[in-house]
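One structure is given below, encoded as structure tokens.
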DNA sequence: CTGTTGCATAACCAGATGGTTATATATAAT
DNA sequence: ATTATATATAACCATCTGGTTATGCAACAG
């Protein structure tokens, strides 16, 4: 049976959130949403050395957010969905456990604060 | 005018995702979803020193995920909604930009992969 | 005043992170 | 065979992180 249930795997949540914590990596992901890209193509817009980009890609790969292909000398990266969804799920479950919806939370907390004081 | 629009602020996204990348801190947040708690109350379930918990709380506070109150000697922490919502929004906008929904993404990527090869 | 409780802060440490340059490797082009 | 291109890897560095113990300080309790 193929893995279908995406129970947010605690260990990977660490890696996923850590990967998302860097603005360059988020930009890389956004770029990849537009289609696969090689290391060189990714390095160009950022003023970053090629090895730096390779490192970022390795972080994203370890987090499972991307996968690498092989195309001649190029090793293009493309997005993978699962882990990002795990992150969303954690946040959603958290918000659900916490309260009803994020959109009501600030108001709700304000209210609580007022009623306590 | 009060801040109402929660445009995901890039700088804080760094701090928010970084804060969420630690399992202890996620556990602290989950605990706080149950109600405010003092440093001591938070330190007890984890086998962590009190200063370690204080440090985690400072990280969460810098990310804007919690706020501290003053109650006699205690300095209880409580959740704040905004930044977490920013994180959700980033992920949602990303998924939207990327494709239609996370639930369809893996299938979609699989399909793309197949049609390319 | 004295002691205790709750927390913060400082000083320290090992290991991770994010960047660099230099070098190696593999594929392509000449 | 040589050279050029695309990427990886190594070695190095400064800074950040997550933990510790030791200490300081403010707010009670006696």
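Going residue by residue through the stretch A:44-58, is there one that turns out to be within 12 Å of another protein chain (Cβ to nearest Cβ), more than 22 Å from residue B:91 (Cα to Cα), within 16 Å of DNA strand D (Cβ to nearest atom) and part of a loop (DSSP other than H, G, I, E, B)? Scanning the stretch A:44-58, I find no residue that is within 12 Å of another protein chain (Cβ to nearest Cβ), more than 22 Å from residue B:91 (Cα to Cα), within 16 Å of DNA strand D (Cβ to nearest atom) and part of a loop (DSSP other than H, G, I, E, B), so the answer is no.
Every residue, every condition in (1) within 15 Å of DNA strand C (Cβ to nearest atom); (2) touching a helix residue (DSSP H, G or I) at 6+ places or on another chain (Cβ under 8 Å); (3) at pLDDT 85 or above, yes or no:
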residue	(1), (2), (3)
A:4	no, no, no
A:21	yes, yes, yes
A:33	no, yes, yes
A:37	no, yes, yes
A:59	yes, yes, yes
A:75	yes, yes, yes
A:80	no, yes, yes
A:98	no, yes, no
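Among the residues of the stretch A:59-69, the one identified as assigned to a helix (DSSP H, G or I) and within 9 Å of DNA strand D (Cβ to nearest atom) is A:61.
Based on this model, can you work out whether residue A:32 counts as in a helix (DSSP H, G or I), touching a residue at least 12 places away in the same chain (Cβ under 8 Å) and more than 14 Å from every other protein chain (Cβ to nearest Cβ)? Against the criterion (in a helix (DSSP H, G or I), touching a residue at least 12 places away in the same chain (Cβ under 8 Å) and more than 14 Å from every other protein chain (Cβ to nearest Cβ)), residue A:32 does not qualify.
The values are calculated or read from the model by the stated rules, or taken from the named source; none is laboratory data. Not measured: the values here are computed from a predicted model. Positions of Cβ are backbone-derived with ideal geometry, glycine not excepted, and every protein chain shown enters the neighbour counts.
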